[in-house]
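Let me begin by presenting the structure, written as structure tokens, before commenting on it.
The values are calculated or read from the model by the stated rules, or taken from the named source; none is laboratory data. Predicted, not measured: the structure shown is a model, and the values here were computed from it. Here Cβ is always computed from backbone atoms with ideal geometry, including for glycine, and neighbour counts include all displayed protein chains.
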Amino acid sequence: MLHLENLSFSVHNNGDSKQIISDINLDIKRGKLYGITGPNGGGKTTLAKVIMGILTHTAGHIYLDGEDISDKNITERANLGIAYAFQQPPRFKGLTVEDLVKIAQPKLSNLSVRKRMRDVGLCPEDYLDRDMGSGLSGGEMKRIEILQVLARNAKLAIFDEPEAGVDLWTIQRLVDIIVGKYQNNPEAAAVLITHNRNILPICDEIVVIEEGRIKHHGHRDEIWPIIRDDIVCQVQDTCRGEEII
Amino acid sequence: MKLEELDKNLLNTISDIKDIPKGAVNIRKDGQAIYRQSSPNIEIKTGETGGLLVEIKPGTKNETVHVPVILTQTGLNDVVYNQFIVGENADATIVAGCGIHNDSHGRSRHEGLHEILVKEGARLKYVEKHYGEGSGTGQKVLYPTTKITVMKNAVAEIETVQIKGVDDTVRITEAYIHEKGSLKVVERLMTHGEQNAVSEIKINIEGQGGSGQILSRSVAKDNSTQVFKAALVGKNECLGHVECDAIIMDKATIKAVPELMAEDSNAVLTHEAAIGKIAGEQLIKLMSLGLTEGQAVDTILEGFLK
């Protein structure tokens, strides 16, 4: 469905050029879940933003169902079926949770909106009218973000660190929803950018990106044993030795 | 009485009424009252000022009085001085506002002073919307002044809205709050083209336990200019807060001047002011949901001013 061909992105600053992602070749197929992982600063979020059109790649091509979408802008790519759940979603003063969900999917009935809110662990009575300004916690913002992307029924849904800031109970529920919606779905695929050792082993394929390049890519049974120890170590670095599930 | 289509549209925009509403109402068009009706609890008559005297009886519950003004005649300089008295323990809403339609090159101007007394224990919501329209280059000018006194244990909220079409406006709001009285002033403003808007709000909290709050949201587009002055004076043990939040676009200018004055050591007064453009990540987020950039801007502004 999505084919990345020799994809690169570099930034220029005061005459210096820095390569953020280099020569990425990747095929995303329908019905599969892809876990993208790797060290912080390795280029994972940049790759997601390039696919969404938020950043413009400096070399290579992006094909969606055979069509080169390299020149398409964010709106066009969204309407072609690409969706991206931000790592740190922006806040909107004056827009309510319901407003944003209905922008994401105008066809959604009120009943459906409520059901989907419950799916991500948000009680509609408490949250529908909540302002998307400063009152919501990071975890609440994240759940609303994921809810929007799920509601879009995209061909390709990219979730950037969906677990960040979300409590354990909700993560498990969100992962179940994502797996249920995309794994073996003949119409769609999902990409999860994550370090989470509960999420990575259930992805069909794992892609490890380091210093802007694909270091490993393959079936989970092949890649997970190679990276498992690194992931655990990274997580423990982040949590300063406390056990994280 | 039958209203013309133009009048209906203006009234609908400023007062959310499709036709003459039930209950107490006074419609002023081009300097004259064209319709007046009192209700058993709300009496509307001509006061000593020559303007309206609206008296809401003590204990009145959940009633609304509409007093819109519309201007359709060019070159008119309409001046009114209305008085409102909200009786003890009443609970009422006053819907005021002015709509101007001007298709010519001449100037249309409305200057209104509203003096409001909210008596002990009463609750009042006062809504005032301003709007201008018309195909000509004639200026649509509004100079409204609201003076409000909130007596002991009374609660009042003033909501003023000016979203479109007013070329020049100077809005003055002056308030006096007595013991345990409370007032919230919410202002929403959008200017565009070459428009100028000045809003000066001053709340004097005179009584012990009084509270005052000023919340302003504004958007300035094109070459328009806005000046917002919000002053809180705490003369007793009281609480007061000013919050002005503005989005600036194009070549507009905005000046926000929050002012706090405490004349009692138990006065707690705070303010926040922010001016900034629409954040790029907000646009990107909405575009990633399928909106065009223009639709994303409109959605953000509508939400901000909602």
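Annotations
- Count of segment A:67-94 residues which are more than 9 Å from chain B (Cβ to nearest Cβ) and free of Cβ contacts under 8 Å to residues at least 40 places away in the same chain: 7
- Filter pass, A:D204 being charged (D, E, K, R), free of Cβ contacts under 8 Å to residues at least 40 places away in the same chain and within 21 Å of A:T37 (Cα to Cα): no
- Whichever residue in segment B:86-105 is surrounded by fewer than 19 Cβ atoms within 10 Å (Cβ to Cβ) and touching a Leu at 6+ places or on another chain (Cβ under 9 Å) and, among such residues, is farthest from B:V69 (Cα to Cα): B:D91
- Evaluation of A:E163 against (1) charged (D, E, K, R); (2) under 22 Å from B:S288 (Cα atoms); (3) part of a loop (DSSP other than H, G, I, E, B); (4) at pLDDT 90 or above (one fails), failing number: (4)
- Looking only at residues of segment A:73-90 that are surrounded by fewer than 19 Cβ atoms within 10 Å (Cβ to Cβ) and in contact with a helix residue (DSSP H, G or I) (Cβ under 7 Å, 6 or more places away or on another chain), we find that the one that is nearest to A:T194 (Cα to Cα) is A:Q87.
- Which numbered condition B:M261 fails, given (1) modelled with pLDDT of 95 or more; (2) buried (at least 21 other Cβ atoms within 10 Å of the Cβ): (2)
- Out of B:M261, B:M249, sole residue that is out of contact with any Ser or Thr (no Cβ under 7 Å at 6 or more places or on another chain) and within 18 Å of B:D222 (Cα to Cα): B:M249
- Matching residues, segment A:148-159, being farther than 20 Å from A:V97 by Cα and of a type in the set (D, E, K, R): A:K155
- Members of segment B:244-266 that are within 22 Å of B:E206 (Cβ to Cβ) and either in contact with a helix residue (DSSP H, G or I) (Cβ under 8 Å, 6 or more places away or on another chain) or part of a strand (DSSP E or B) (or both): B:P258, B:E259, B:L260, B:M261, B:A262
- A single entry from A:R213, A:R173, A:R143, A:R197 fulfils the requirement of being surrounded by fewer than 20 Cβ atoms within 10 Å (Cβ to Cβ) and farther than 20 Å from A:K44 by Cα: A:R173.
- Residue in segment A:48-55 that is more than 8 Å from chain B (Cβ to nearest Cβ), more than 25 Å from B:Q295 (Cα to Cα) and of a type in the set (K, R) present: no
- Being under 26 Å from A:I74 (Cα atoms) and among the charged types (D, E, K, R) is a description that applies to A:K155.
- Any hit, segment B:296-305, residues being among the aromatic types (F, W, Y) and within 23 Å of B:T145 (Cβ to Cβ): no
- Of the helices (runs of 4 or more DSSP H) lying entirely inside segment A:95-143, those carrying at least 3 residues that are closer than 16 Å to B:L291 by Cβ and within 12 Å of chain B (Cβ to nearest Cβ) are A:97-104.
- Checked against the criterion of being of a type in the set (K, R) and touching a His at 6+ places or on another chain (Cβ under 8 Å), the candidates B:K221, B:K251 yield just one match: B:K221.
- Lone qualifier among B:C244, B:C238 - being within 14 Å of another protein chain (Cβ to nearest Cβ), farther than 30 Å from A:G53 by Cα and surrounded by 17 or more Cβ atoms within 10 Å (Cβ to Cβ): B:C244
- Candidate set from segment A:5-46 (those that are among the small types (G, A, S) and part of a strand (DSSP E or B)); member that is surrounded by the fewest Cβ atoms within 10 Å (Cβ to Cβ): A:S17
- Checklist (1) in a loop (DSSP other than H, G, I, E, B); (2) small (G, A, S); (3) at negative phi applied to B:S218, failing item: (1)
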